Amino acid sequence: MQLPLIVVHGGAGNWKDERIPVGIEHVEKAAIAGFKVLETSGSALDAAEVCTSYMESCGQLNAGRGARPNSDGELELDALIIDGSKLDFGAVGAVTGIVNPVSLARYVMEKTDYKFFVGNNAKRVYDQMIAEGYREEIAEGDLQPADAPSGDTVGCIVVDSDGNIAATSSTGGIKKKIPGRVGDSPVMGAGAFANEICGASATGWGEHIMRVVLSRMTVLYVEEGLDVTAAAHKGIKMFEEKTGSKAGIIVADRSGNYGFSHNAKAMPLAIISRELKNMTSHACRE
């Protein structure tokens, strides 16, 4: 696979059959949006943020506008962005009143002395970000689409022409979760991981993904010599053996090799490289 490369997932879960094409449509659009950034000399981080922001804004995936409400009917969002070249990250959890938590996570990484903000104080950091002009505020609009998304979490891996890797994860979490619950998505090494060698982004039941730090372990398998496809399968096999739960993972290394695996019903996936015409997408059914 030739660089640059973007791999996007729309969440592994018990997708309704009629919703799978919708998931594929929006991961494809997200991949194209991110790739256009790379074509105009944007960084891997820039492309990863744009790709993820699209999925948060579209209202058709379990992130941003399309997130599942908690038991109080409120959208609490989690997100993580990682700069693999610097082994750096920013994260937010249980943040409300915003559409694009991935942009806030990037602000946390680049413009604060910290790595992780949660709840009302994360919203305070968001207000600071907007006041400083780091990003423009986006109106929340309709909070929930008529047909709730079937997937769990969105994320991507971007490898730019120089082999720099960025990874993201963003979610609204489990439907009707208790307020304040935070899953794996914003947890470095669980929801996503990237270093100078490889990146991974996971999706599934967060409490179980955190138990085995799925993304970090899958990247470790690559560091130990497995190819990315074998590492993805080994990661999901290990996850299932240890937890008995469902998850999915995407993986990409600095050379543009990619792999994926899951044990859920479906995981909409899009891969794009080199030119916009070089796009592949999958329903990835079990």
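Condition (residue is among the small types (Gly, Ala, Ser) and farther than 21 Å from residue 4 by Cβ) applied to the range 41-49: is it met by at least one residue? Please lay out each step first, then the result.
Keep residues of the range 41-49 that are among the small types (Gly, Ala, Ser), which gives 41-44, 47-48.
Filter once more, so that each one left must be farther than 21 Å from residue 4 by Cβ: none.
No - not one qualifying residue is present in the range 41-49.
Tell me, yes or no, whether the range 256-276 has at least one residue that is surrounded by fewer than 19 Cβ atoms within 10 Å (Cβ to Cβ), within 24 Å of residue 163 (Cα to Cα) and either free of Cβ contacts under 8 Å to residues at least 60 places away in the same chain or basic (Lys, Arg) (or both). Among the residues of the range 256-276, at least one is surrounded by fewer than 19 Cβ atoms within 10 Å (Cβ to Cβ), within 24 Å of residue 163 (Cα to Cα) and either free of Cβ contacts under 8 Å to residues at least 60 places away in the same chain or basic (Lys, Arg) (or both), which makes the answer yes.
Quick one: which of 131, 190 is surrounded by 18 or more Cβ atoms within 10 Å (Cβ to Cβ), without any contact (Cβ under 8 Å) to a residue 60 or more places away in the chain and out of contact with any Gly (no Cβ under 6 Å at 6 or more places or on another chain)? Show your work before the answer.
Numbers: 131 fails: surrounded by 18 or more Cβ atoms within 10 Å (Cβ to Cβ).
Being surrounded by 18 or more Cβ atoms within 10 Å (Cβ to Cβ), without any contact (Cβ under 8 Å) to a residue 60 or more places away in the chain and out of contact with any Gly (no Cβ under 6 Å at 6 or more places or on another chain) holds for just one of 131, 190, which is 190.
Filtered by the rule that a residue be farther than 17 Å from residue 246 by Cβ and surrounded by 20 or more Cβ atoms within 10 Å (Cβ to Cβ), the range 2-21 gives 4, 5, 6, 7, 8. Among the residues in the range 14-35, are any assigned to a strand (DSSP E or B), under 18 Å from residue 281 (Cβ atoms) and of a type in the set (A, V, I, L, M, F, W, C)? No, the conditions are met nowhere in the range 14-35.
Are any of the residues in the range 232-243 closer than 28 Å to residue 119 by Cβ, at pLDDT 95 or above and either not aromatic (Phe, Trp, Tyr) or not in a loop (DSSP other than H, G, I, E, B) (or both)?
Step one: list which residues in the range 232-243 are closer than 28 Å to residue 119 by Cβ, which gives 243.
Add one more test, that the residue is at pLDDT 95 or above, and what stays is 243.
Within this subset, residues satisfying the condition of being either not aromatic (Phe, Trp, Tyr) or not in a loop (DSSP other than H, G, I, E, B) (or both) are 243.
Yes, the range 232-243 contains at least one residue that is closer than 28 Å to residue 119 by Cβ, at pLDDT 95 or above and either not aromatic (Phe, Trp, Tyr) or not in a loop (DSSP other than H, G, I, E, B) (or both).
Quick check on residue 144: is it modelled with pLDDT under 95, at negative phi and surrounded by fewer than 22 Cβ atoms within 10 Å (Cβ to Cβ)?
In short, yes.
Being of a type outside the set (S, T, N, Q) and out of contact with any strand residue (DSSP E or B) (no Cβ under 6 Å at 6 or more places or on another chain) is the requirement here; does residue 77 meet it? When the stated conditions are applied, residue 77 does not pass them. The selection criterion, being polar (S, T, N, Q), at pLDDT 95 or above and farther than 27 Å from residue 242 by Cα, holds for residue 164.
Among what's in the range 183-212 and is β-branched (Val, Ile, Thr) and either more than 15 Å from the chain's Cα centre (by Cα) or outside any loop (DSSP other than H, G, I, E, B) (or both), pick the residue that is nearest to residue 110 (Cα to Cα). Result: 197.
The values are calculated or read from the model by the stated rules, or taken from the named source; none is laboratory data. It should be emphasised that the depicted structure is a prediction, and the values quoted were computed from it without experimental measurement. Quick reminder, even Gly has a Cβ in these numbers, built from the backbone with ideal geometry, and neighbours come from all protein chains shown.
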